[in-house]
Amino acid sequence: MASSSAATLEDVPSMDLMTELLRRMKCASKPDKRLILIGPPGSGKGTQSPIIKDEFCLCHLATGDMLRAAVAAKTPLGVKAKEAMDKGQLVSDDLVVGIIDEAIKKPSCQKGFILDGFPRTVVQAQKLDEMLEKQGVKVDKVLNFAIDDAILEERITGRWIHPSSGRTYHTKFAPPKTPGVDDVTGEHLIQRKDDTAAVLKSRLDAFHKQTEPVISYYKQKGVVADLHAEKPPKEVTVEVEKVLS
Ligand code: AP5
């Protein structure tokens, strides 16, 4: 066993090994964090998550991305989730709770996690509390991406995505170097099926009715930090850093 992993390591370029070593040293000094990002569609959760993930060495668990991958792979989970997602409705609590319960136990979540798009109902929040209680930990902070609905249509309908990496662009606010093409790989960008003005209405409706009560749930626990999500991305990042420092 030892010789085969040594042989594998020999094949890794020294610079990559050094970069990984430095990353691990930096991560060892970071405190554990368990974060929830909550906000309506297009409020910037997916934009800020990779920055927070890198800074604090956390895993990024986005239930929307996980469900879209399941739909694309036509797994039993994906088949069950597709209809609700296409209509902009929430999928059932049982489906998403199961995904998160498994995911937070992975080694990549050892220093904590960023939950992006979960919990979205009070039942999901209660189930999450039960899962964490079993591990003897709790949610440290809930970042509330507060923003007026009126701003969101332009953000959602202008969004373009590189499916395999999850990189997000916007025709006006974060354009790629070449329209329709990923900056890094040169591959084509796509638009999400639910990123239309009509489906956005249902998604916002679900947010106000089912997800806003989750913010109140965590406010009672004193862990919510309100962000000004209407500001430009870099200014939102500064607010996030202040809250988490
Ligand atoms: P999900 O994938 O979670 O979608 P969402 O919550 O609607 O969030 P978005 O990904 O649309 O928005 P975002 O806040 O990440 O915005 P982004 O940063 O990309 O869920 C999809 C579906 O899955 C749900 O409808 C449901 O059916 C199902 N689902 C998922 N989780 C579930 C759960 N827990 N329970 C039940 N069902 C679940 O930004 C948007 C655009 O704006 C980008 O183009 C970006 O470049 C731009 N932008 C970002 N920030 C700024 C800024 N500050 N200024 C200007 N432009 C900006």
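The values are calculated or read from the model by the stated rules, or taken from the named source; none is laboratory data. What you see is a predicted model, and the numbers here were worked out from it, not measured in a lab. A quick note on method: Cβ atoms are made from the backbone with ideal geometry, for glycine too, and the neighbour counts reach across all protein chains shown. To get the accessible areas, we keep the full protein, side chains included, count just its heavy atoms, and leave off ligands, DNA and RNA. Shrake-Rupley method; radii C 1.70, N 1.55, O 1.52, S 1.80 Å.
Observations on the structure shown:
- Any hit, the range 144-159, residues being in contact with a His (Cβ under 9 Å, 6 or more places away or on another chain), modelled with pLDDT of 95 or more and β-branched (V, I, T): yes
- Flag if V181 is more than 15 Å from the ligand (Cβ to nearest atom), over 27 Å from K141 (Cβ atoms) and open to solvent by 20 Å² or more (accessible area, probe 1.4 Å): yes
- Cβ pairs under 9 Å, 6+ apart, first in the range 203-229 and within 14 Å of V123 (Cβ to Cβ), second within 13 Å of the ligand (Cβ to nearest atom) and hydroxyl-bearing (S, T, Y): Q210/T121; T211/T121; P213/T121; V214/T121
- Residue match in the range 184-206 (condition: modelled with pLDDT of 95 or more, among the hydroxyl-bearing types (S, T, Y) and either more than 15 Å from G88 (Cα to Cα) or in contact with a Cys (Cβ under 9 Å, 6 or more places away or on another chain) (or both)): yes
- Pair list, Cβ under 7 Å, 6 or more apart: the range 84-108 residue under 12 Å from T63 (Cα atoms), other residue among the polar types (S, T, N, Q) and more than 8 Å from the ligand (Cβ to nearest atom): L90/Q210
- Meets criteria (free of Cβ contacts under 8 Å to residues at least 12 places away in the same chain, assigned to a loop (DSSP other than H, G, I, E, B) and either open to solvent by 60 Å² or more (accessible area, probe 1.4 Å) or within 14 Å of the ligand (Cβ to nearest atom) (or both)) for K193: no
- Enumeration of residues in the range 199-245 that are surrounded by 12 or more Cβ atoms within 10 Å (Cβ to Cβ) and among the basic types (K, R): K201, R203, K219, K221, K231
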